[in-house]
Amino acid sequence: MELRGNHTFPVRFDDEVVRDAVRVFVIERTMREQKGKWAAAGLVVVAGAVLLFQANFTLALLAFLVACFPAIFSAVVWRAHSASAFGRYRRMTDRSAEVTIDPEGFGIASNLGDGRLNWTNVTEIWERPLSFMLFSGTSAFNILPRNAMPQEVQAFLSAKAI
């Protein structure tokens, strides 16, 4: 789908939108995309149970600790992205911004400053019920709430979303 002209609209960031974006990011990047690590952790738990049954308590404890690594990693990612996203939006005086979307890219302007990305720099777009997440790297993303987004822009972003 082709986008015609510039579309400028205000957005408001509320906790629900930010929380949903961080939650889906953590689940997707640290759980769904890393199924192998979680499967390996499950096997290590089984090995730990066998070691525990064999009364090898030291190795069993070590196995259970190693099996916790994927969960610990997910918790660290959750905390880091949550602190970053909520910190950024809480520094805004009114938690609102002006978004401009055109055929070349998108820009966001708020009291914190302004920035612009071309579509060639957007690596992924995730469509959420309350927002769109526009990625410029594997863990760098902008949240665009849908609350005041024009239908034409939503259709354009939906067509580009994975």
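The values are calculated or read from the model by the stated rules, or taken from the named source; none is laboratory data. None of these values were measured; they are calculated from a predicted model. We place every Cβ from the backbone using ideal geometry, glycine too, and count neighbours over all the protein chains shown. Calculation scope for accessible area: heavy atoms of the full protein, side chains included, ligands and nucleic acids excluded. Shrake-Rupley method; radii C 1.70, N 1.55, O 1.52, S 1.80 Å.
Summary table below
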{"read-out": "Selected residue (only one of Arg88, Arg95 is among the charged types (D, E, K, R), modelled with pLDDT under 95 and in contact with a helix residue (DSSP H, G or I) (Cβ under 7 Å, 6 or more places away or on another chain))", "value": "Arg95"}
{"read-out": "The lone exception for Leu62 - which of (1) outside the structural domain of Asn142 (by the TED database); (2) under 30 Å from Phe9 (Cβ atoms) it fails", "value": "(2)"}
{"read-out": "So Ile108, is it surrounded by 14 or more Cβ atoms within 10 Å (Cβ to Cβ) and within 14 Å of Phe25 (Cβ to Cβ)", "value": "no"}
{"read-out": "Residue in segment 59-75 that is under 27 Å from Ser131 (Cβ atoms) and among the polar types (S, T, N, Q) present", "value": "yes"}
{"read-out": "Cβ-Cβ under 8 Å pairs, at least 6 apart or on other chains, segment 82-107 side in contact (Cβ under 8 Å) with a residue 12 or more places away in the chain, far side acidic (Asp, Glu)", "value": "Phe86/Asp15; Arg95/Asp14; Pro103/Glu2"}
{"read-out": "Enumeration of residues in segment 141-162 that are assigned to a loop (DSSP other than H, G, I, E, B) and either under 24 Å from Arg79 (Cβ atoms) or without any contact (Cβ under 8 Å) to a residue 40 or more places away in the chain (or both)", "value": "Arg146, Ala161, Ile162"}
{"read-out": "From Ala49, Ala41, Ala67, Ala71, residue being within 22 Å of Val18 (Cα to Cα), surrounded by 13 or more Cβ atoms within 10 Å (Cβ to Cβ), aliphatic (A, V, I, L, M) and free of Cβ contacts under 8 Å to residues at least 40 places away in the same chain", "value": "Ala71"}
{"read-out": "Helices (runs of 4 or more DSSP H) wholly inside segment 1-115 containing at least 3 residues that are within 14 Å of the chain's Cα centre (by Cα)", "value": "15-30, 69-90"}
{"read-out": "Tally, over segment 116-135, of residues that are β-branched (Val, Ile, Thr), under 11 Å from the mean Cα position of the chain (by Cα) and open to solvent by 30 Å² or more (accessible area, probe 1.4 Å)", "value": "0"}
{"read-out": "Test: residue in segment 80-93 that is touching a strand residue (DSSP E or B) at 6+ places or on another chain (Cβ under 6 Å), open to solvent by less than 20 Å² (accessible area, probe 1.4 Å) and over 20 Å from Gln154 (Cα atoms)", "value": "yes"}
{"read-out": "Number of the condition not met by Thr138 [criteria: (1) open to solvent by less than 80 Å² (accessible area, probe 1.4 Å); (2) farther than 24 Å from Arg12 by Cα; (3) outside any helix (DSSP H, G or I); (4) among the polar types (S, T, N, Q)]", "value": "(1)"}
{"read-out": "Considering residues of segment 1-38 that are among the polar types (S, T, N, Q) and over 25 Å from Val153 (Cα atoms) only, the residue least open to solvent (accessible area, probe 1.4 Å)", "value": "Thr30"}
